[in-house]
Amino acid sequence: MTKRAALPQSTESGSQPPNNMHHDAQWPRAAHTLAAGKGGAALLGVPLNRSISPGRCDLAPAAIREALLMFSDGVVGGGSAFDLEAYDAGDLDRNTEDWSEAIAEATKGARGTILLGGDNGVTRYGVLATKFDLTRLGLVTLDAHHDFRTLADAEHNGNPIRSLLQAGLPGENVLQLGIQSFANSEHYATEVSEVGINVVGIDQLLMSSPAEVLKRSLDHVDAIYLDIDLDVVDRAMAPGCPGARPGGLTPAQLRAWVSVLALDRRVRWVDIVELDPQRDVNQQTALLGASCVLETLASWARR
Ligand SMILES: [Mn+2]
């Protein structure tokens, strides 16, 4: 079951919304527009918290909604992020047992889905919830990590890609953008290349165009799921991500990549994961997550 989250959110996330927010009927706040939305694209909180580095990623949906109070809708060059209708579908219960079914149920009929994690384990359930033929589905990750660790212990945020391959997703349908040296082991990096996963390291990413990368790696799929792990951004600019390291993307670069990738008509599902609001500083990472929501909606409206 989902419940609509009240705004502004609780103080549990560690970042307080401003007490007396200025009201201007001609400067609608994105969080309010989403809360009042009735159909179109769905925003759903998925408070999964099974990270291998202990934290509180389950608090991220509330923190990103709070951050969405700081943004409006206007797009540079004209138009609104809400030219395509969108609505807030609330949060899944944090004690959900079958996450894939719950996501599928809560987003049924949506014209596009944006999941607010939660840790990166959300990607496993989000992809399965699409119910799309995995052999025809592409998965693009913006992530410093392969997330291809062993499944011997349990399902956690370090192994969703391995379990999706085990579920039938072909390695060549996966495109990993922003992988960093020393954030992964040689062992798993070798395995990833052996199973045919397409890897674009951070240095190469900065010299690539999204359209050209998609064409080269994912021309053969019919639909695409985009996983945005905020730890693809430099730790100095994503302090709320336990996995972020020095040398990642800047927020401007991430927003640009999300904006251009979401223009591809095949991109129908997006997740935004790995924010632990208790580590965040000055809402930097929550605001970054919120900006990814809006870049996605704005591009979906334009295509
Ligand atoms: Mn990840």
Shape call for the stretch 47-171, from the Cα gyration tensor axes a ≥ b ≥ c (a/c under 1.5 means rounded, otherwise prolate when a/b beats b/c, else oblate), comes out prolate
Trypsin sites (Lys or Arg not before Pro) in the stretch 157-250 lying in a DSSP loop, each with at most 13 other Cβ atoms within 10 Å of its Cβ, come to none
Name the chymotrypsin sites (Phe, Trp or Tyr not before Pro) in the stretch 199-298 that are in a loop by DSSP and that have at most 10 other C-beta atoms within 10 Å, would you?
-> none
For the chain, what's the radius of gyration and Dmax over Cα atoms, in angstrom?
-> 17.7, 55
Lysine-lysine proximity count for the chain, Cα under 21 Å, sequence distance 8 or more or distinct chains | 4
Helix-only [θ]222 nm of the chain, DSSP H runs n ≥ 4, -39500 (n - 2.57) each, per residue, nearest 500 = -8500 deg cm²/dmol
Only loop residues by DSSP count here, and only those with at most 10 other Cβ atoms within 10 Å; note down the chymotrypsin sites (Phe, Trp or Tyr not before Pro) in the stretch 131-215 that meet that.
-> PHE182
How long is the stretch 211-303 along each principal axis, judged by its Cα atoms, biggest number first, in Å?
-> 39, 25, 18
For the stretch 21-38, in order, what is each residue's ³J(HN,Hα) by Karplus, 6.51 cos²θ - 1.76 cosθ + 1.60 with θ = phi - 60°, in whole Hz (x at glycine and Pro)?
-> 5, 4, 9, 9, 4, 9, 10, x, 7, 4, 5, 6, 4, 5, 5, 8, x, 10
Scoring the chain by relative contact order with C-alpha pairs under 8 Å, at least six apart, yields a percentage of 22
R0 of 25 Å, Cβ-Cβ distance ALA25-ARG302: FRET efficiency to nearest 0.05 | 0.50
Just grab the label-to-label distance for GLU105 and ALA256, each label 7 Å out from Cα along the Cβ direction, in nm (one decimal).
-> 4.3
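Throughout, read-outs are computed from the coordinates displayed, never taken from laboratory work. All figures in this text were calculated on a predicted structure; none of them were measured in a lab. Note that we place each Cβ from the backbone using ideal geometry, even for glycine, and neighbour counts take in every protein chain shown.
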